[in-house]
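The values are calculated or read from the model by the stated rules, or taken from the named source; none is laboratory data. Quick caveat, the model's predicted, so the values are computed rather than measured. A quick note on method: Cβ atoms are made from the backbone with ideal geometry, for glycine too, and the neighbour counts reach across all protein chains shown. In case anyone asks, the SASA skips ligands and DNA or RNA and just uses the protein heavy atoms, side chains included. Shrake-Rupley method; radii C 1.70, N 1.55, O 1.52, S 1.80 Å.
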Amino acid sequence: MQPTTVIYVLGTAGCGKSTFTAAAARWLDSNDYSVQTVNLDPGADALPYEPEVDVRDWVTLADIMEEYGLGPNGAQVVAADMIALHRSRMIDELAVDEAQFIIVDTPGQLELFAFRESAKEIINGILPKSSVLVYLIDPFNARTPSGYISQVMLANLCKLRFQVPTIELISKSDMMGQEMREVLTRWQEYPDHLGDDVMREASERPTMETELSIGLYRTMEDLGLFGAREMVSAGDERGFERLYQTIQLVYGGGEDRERSA
Ligand SMILES: Nc1nc2c(ncn2[C@@H]2O[C@H](COP(=O)(O)OP(=O)(O)O)[C@@H](O)[C@H]2O)c(=O)[nH]1
Ligand SMILES: [Mg+2]
C-alpha cells in the first residue's frame with residue numbers, strides 16, 4: 001500500500017488555507033480516500049473543519065498573551081516555537097497508519113511557519129519522505145505583475161527552505177472575474193507577457209519595488225519558475241481532482257490509490 005502523504009498548506013494570511021483544508025478533506029473523503037486534518041494555527045478562531053489534531057489543545061494565543069504579557073504579534077512568535085515543543089505529542093495523536101492523507105493547515109501568517117526553524121522540525125518529525133507543500137497564491141495579491149512575481153517568489157522560497165515537492169495553486173478561483181482569470185492565464189502561458197507588463201508597471205509607477213520586480217522577473221524567468229499553475233476553488237470545489245492526480249504523480253507513479261468503498 002502507498003504510504004501516507006502529508007500535505008502542508010501554505011500561503012499568505014487570508015489566501016484560503018483553512019478553507020482549502022476543509023474542502024480538500026471533503027473531496028478526499030467523498031472519493032473514499034481516508035484523510036485526517038491537523039490545525040497548526042494557535043490563533044484560529046473558528047475552523048471550517050474538525051481537526052483530528054489541534055495545536056490549540058496545547059497552545060493558544062489567548063493563553064500566551066496573558067501568561068507572558070504579550071500582544072498578538074509577539075504571542076504568535078512564541079506560539080510558533082512552542083508548537084515545535086509539542087510536536088512529538090501531536091505526532092503520537094496522528095493515526096498515520098490509518099490515513100492515506102494528512103492535511104496540515106498552517107498558521108495564518110506565512111512567516112510564522114515558513115521562516116521558523118520549528119517548521120522544519122515538524123516536517124521532519126512527521127513523515128519527511130512523503131510530504132508535499134501546497135502553496136496557495138491568493139489571486140487578489142497577484143493582480144499586478146509585481147504582486148504576481150512576489151507570490152511566485154514566496155512559493156519558491158518555501159520550496160527552497162523545506163526541500164519538499166511543492167505544488168503551487170491559485171486559490172479562490174470562483175471569486176475571480178473574467179478579466180483577472182484571463183490575465184493570470186496569459187502570464188502563465190506566455191511568461192514574456194508578464195515581462196512586458198512588469199516593464200510597463202515600472203514605467204508607470206517607478207519605485208524600488210517595481211525595479212526589484214524587473215530584476216526578479218529576469219532571474220526567475222531564467223530559472224523557469226513561471227510555468228503553468230492550476231486553479232482551485234474551495235467555493236465551488238473545483239481543482240481537487242487535478243491536485244489529487246498531481247500528488248499521485250509525485251509519490252504514486254500516477255497510479256490511483258486504493259479506495260475504502
Ligand atoms: N469564495 C471563496 N472564498 C474563499 C475561498 N477560500 C477562502 N475563501 C474566503 O477567504 C477568507 C480567508 O480564508 P481562510 O481559509 O480563513 O484563509 P487562511 O488565513 O489562509 O486560513 C474567508 O472569508 C474564506 O471564506 C474560495 O475558494 N472561494
Ligand atoms: Mg487559517
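With the structure loaded, tell me whether ASN73 is of a type in the set (S, T, N, Q), within 14 Å of ligand 1 (Cβ to nearest atom) and out of contact with any Gly (no Cβ under 8 Å at 6 or more places or on another chain) or whether it fails that test.
no
Does THR12 count as under 17 Å from the mean Cα position of the chain (by Cα) and of a type in the set (Ser, Thr, Tyr)?
Against the criterion (under 17 Å from the mean Cα position of the chain (by Cα) and of a type in the set (Ser, Thr, Tyr)), THR12 qualifies.
Looking only at helices (runs of 4 or more DSSP H) that fall completely inside the range 120-221, which ones have 2 or more residues that are open to solvent by less than 50 Å² (accessible area, probe 1.4 Å), at pLDDT 95 or above and under 27 Å from ALA24 (Cα atoms)?
Correct list: 145-162, 178-189.
Is it the case that GLY43 is within 16 Å of ligand 1 (Cβ to nearest atom) and at positive phi?
no
Scan ASP97, ASP105, ASP138 and give me the residue that is out of contact with any strand residue (DSSP E or B) (no Cβ under 9 Å at 6 or more places or on another chain) and acidic (Asp, Glu).
Answer to the selection: ASP97.
Of all residues in the range 4-13 being modelled with pLDDT of 95 or more and part of a loop (DSSP other than H, G, I, E, B), which is most open to solvent (accessible area, probe 1.4 Å)?
THR12
Considering only residues that are surrounded by fewer than 20 Cβ atoms within 10 Å (Cβ to Cβ) and within 15 Å of ligand 2 (Cβ to nearest atom), look in the range 55-71 and name the one that is nearest to the chain's Cα centre (by Cα).
Checking each candidate, the answer is ARG56.
How many of the residues in the range 43-54 are open to solvent by 30 Å² or more (accessible area, probe 1.4 Å) and either among the acidic types (Asp, Glu) or part of a strand (DSSP E or B) (or both)?
Number of matching residues: 3.
Just one of (1) within 16 Å of ligand 2 (Cβ to nearest atom); (2) assigned to a strand (DSSP E or B) trips up GLY235, so point out which.
(2)
Kindly indicate the residue of the range 20-42 that is part of a loop (DSSP other than H, G, I, E, B) and away from ligand 2 (no atom under 13 Å from the Cβ) and also most open to solvent (accessible area, probe 1.4 Å) among those meeting that condition.
ASP32
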